[in-house]
Every structure is written in structure tokens, then in C-alpha cells.
Amino acid sequence: MHEFALAQAVVDAALQTADQAGIRRIVRITVRIGELQQIERDCFAFALNEVLPTTEPRLVDVAIAIETEAARFRCRPCAHAFALPDVQPLEGDSEAEAIHFIPELAHAFIRCPRCQSPDFEVLAGRGVILQSLEGDQ
Amino acid sequence: MDPRLAGIERRLAEVRRVIAVTGGKGGIGKSSVASILALVLAERGLRVGLLDLDVTAPTDHIILGADDSVPTEEFGLQPPQVHGIRFMSVSQFLGHEPAPLRGTDVTNVILELLAVTCWGTLDVLVIDMPPGLGDASLDVVRLLRRAEYLVVAGRSRVVVETVRRMLHFLSDLRVPICGVVENMAREPGAVVEALARQYAVPYLGALPFDPHLEDAHGRAAHIGRTAIAVALRGMRDQLFPHSAGGQHPAP
């Protein structure tokens, strides 16, 4: 599962953020998963739980919340706004897998439903982000 | 916050050197130099990775004959072994589809690849850079602080003009430049050597124009016999002075 690498990055980012903010005990991390990358929420929760260091004092009491965000796109040439259910279904598993590993490869496999351009902006719901972190100083 | 920025360091923790093969101009032979350099370093017994960051026009898989190579998923993405090189490229996900990407998309592809690729222990990661001073060059400088740059040049005034800009850019940033090579050299000349001297960086020598290189693409054994491979073997000890005789560098 390549989700482990992203989960590890989330933990590393949380610890870095805590250091920068002078937080000694992180109580809550909120992670947002974008729809485009097609990462399953349960799968990512499992990966996060697995990579969470049990001996790290800043993380002993942490609660992890995972939110999902719908993907939204806007076509640059025709300004059409669209969502993932609006586009043509992908042709095969390998296309979905490519986007799962590298969401920008959507530009190779997804087209604007109105004008068929691959030149669209991903307005929301791209991939994994550390949405917020709460803790005690 | 983008967690990938924090994840990159961990993924490259066991990579001893990063050499970014760059140059100012498209068509100057960066991909050939990067791919063949990776091959000749691997044949010396070094543990080598190759990352094709020319994400809108990847070609290293053609040079290496690695059309069918695919990464596997285990903790992250594990690069497949290609002729003794751990190799990653967007071509492994794209097939022959075009990927029209704007600058921010290129940055995201680079971030994603660096954050999820498990290189393991490498003596060197060779990066094939896209031409010019665009997003990818700025991102490699930003994200891979310890990268060294191998600048591919040629004696055409058109090439010299763009390579000079690249050397100027890298020198201003005070990033290490491990050498300048002249590619597709047809006759002896001092233009590129003079350019290297002007920027006080090592001139590693000339890679001769080889009319057989095109036929060798895709066949590693043939690639190893090309004039460019022979010349790069001659530069190997300058780039890796501690690896002579097939020994791994001391930890």
C-alpha cells in the first residue's frame, strides 16, 4: 500500500508543525483526503494508525479525524465547472491507478465534459493534506 | 499543510548523493547522459537510482528499454530494477498517453514522486532534469537541497547561450556543480571548457557524437558499447573518486 508513505508524511508534517508552533502535546490532527486520488478512508486510517510512533510523547493522546473532500474542476479554455461524476468513466484500472499514485495524471485521462480539453484546474479535492492540528503548548 | 514536503527527507535518508543532470536546452542529450551515466555507475557496483523528472516528455525508459517496468507497492512505491538501476518515471503510469501539465501540476508530480518513492539505500540518485529554468529546476533546488548538478553543454552558440544562463543561475544560488560535459562533440574544441573555467566548475570532458547511439536505444548491452558510455566511464572516477576498483564508498 503506498498509502503508508503518505501517512508517514502526515505524521512527519504534524511533528514539524508542532515543533514550529511550540506544541508539546498534540491532541487532534485533522487530515483531508481529496476525492481525485481515490484513497479509501478506512485504508488511510489503518495506515496512519500503523505508522503512528507509540513512543513519541507528543502523540500519546492524539485523536485523528479524517475528512473527505469532493473533487471540483474548472476548465481553463471554456470555464466549465465540473465534478468527478460528470466526466467520462476511466477506461481501465491502470488509468485509475495512475491517478491514485499521481493525481496530476488526471490530465492524461480526464477531459472537460463540455469541450474535451485536458487543460483544467483542480479547484478542490486533489490529494492528502494536513488540514489542522490542535495541541497544548 | 502539504504533508509531502515533510515526507521527502525520510524517503531520501539513505541516498548518499543526488546528481541532477541538467542543461539549458532541450535536445542537448540530458536524458542520454543521465541514463547512460546511471548504467556505467551501476556496472561499477554502485547502488544507483534514476528518476526521470522530464514529466511531460519522459524518455529514459526508451533509452534503457524499460517500457514494461512498473513500480510495486510496498510501504510506498518501490522502483523496479532496470539493468541494475532503481528506475522511476511517469512513463510507468502513463504508457504512451500525453500528459499536458502546467507548472503547478509539474510541481505536484515532483512532490508526489519524491514523497512516495522508497529508494532505499543508494550511493547515488541520478535525476534527469527537464530543459530550462522552469518549475522543475526551481523545485529540485528547493526540495533537494543537497543535489549536485551535472551540466550538459554543447559548443553551438545556441547551446552555449542557454548553458551560460544555467551556470549563472546555479552559481548565484551557490549550489554544487559537479561538472560540465560537452555532448555530441564532433571535433576537439575549447568552447565548453572555457565556459566551465569562466564559472570555476570542473570540465569533465567531451562525449563524442556517436552515430550508433540511436540504434543502441532500448538495448542496454549495446548502449554500454557506445562512444558516450566509453567516455562516461572515463569520467566516472572524477565524479566518484572513492569508488575506483568497484568498491562501495565508505559509509
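The values are calculated or read from the model by the stated rules, or taken from the named source; none is laboratory data. These numbers were taken from a predicted model, which means no experiment stands behind them. So basically every Cβ, Gly included, is an ideal-geometry build from the backbone, and we count neighbours across all protein chains shown.
What to note about this one:
- Residue in the stretch B:208-217 that is surrounded by 12 or more Cβ atoms within 10 Å (Cβ to Cβ), small (Gly, Ala, Ser) and not in a helix (DSSP H, G or I) present: no
- Residue satisfying all of: in the stretch A:84-114; hydrophobic (A, V, I, L, M, F, W, C) and more than 14 Å from chain B (Cβ to nearest Cβ); surrounded by the fewest Cβ atoms within 10 Å (Cβ to Cβ) among these: A:Leu84
- Residues located in the stretch B:70-79, provided they are assigned to a loop (DSSP other than H, G, I, E, B) and farther than 15 Å from B:Val126 by Cα: B:Val70, B:Pro71, B:Phe75
- Within the stretch B:1-29, the set of residues being away from chain A (no Cβ under 14 Å) and modelled with pLDDT of 95 or more comprises B:Glu14, B:Val15, B:Arg16, B:Arg17, B:Val18, B:Ile19, B:Ala20, B:Val21, B:Thr22.
- Residue that is nearest to the chain's Cα centre (by Cα) [pool: residues in the stretch B:84-117 that are surrounded by fewer than 20 Cβ atoms within 10 Å (Cβ to Cβ) and part of a loop (DSSP other than H, G, I, E, B)]: B:Gly84
- Test result for B:Asp135, within 14 Å of chain A (Cβ to nearest Cβ), among the charged types (D, E, K, R), over 17 Å from B:Gly7 (Cα atoms) and crowded, with 17+ Cβ neighbours inside 10 Å: yes
- For the stretch A:17-37, a residue qualifies if it is charged (D, E, K, R), part of a helix (DSSP H, G or I) and over 15 Å from the mean Cα position of the chain (by Cα), and exactly one does: A:Asp19.
- Residue match in the stretch A:120-137 (condition: free of Cβ contacts under 8 Å to residues at least 24 places away in the same chain and at the interface with chain B (Cβ under 7 Å from one of its Cβ atoms)): no
- Any hit, the stretch A:63-83, residues being surrounded by 13 or more Cβ atoms within 10 Å (Cβ to Cβ), more than 23 Å from B:Val90 (Cα to Cα), small (Gly, Ala, Ser) and within 14 Å of chain B (Cβ to nearest Cβ): no
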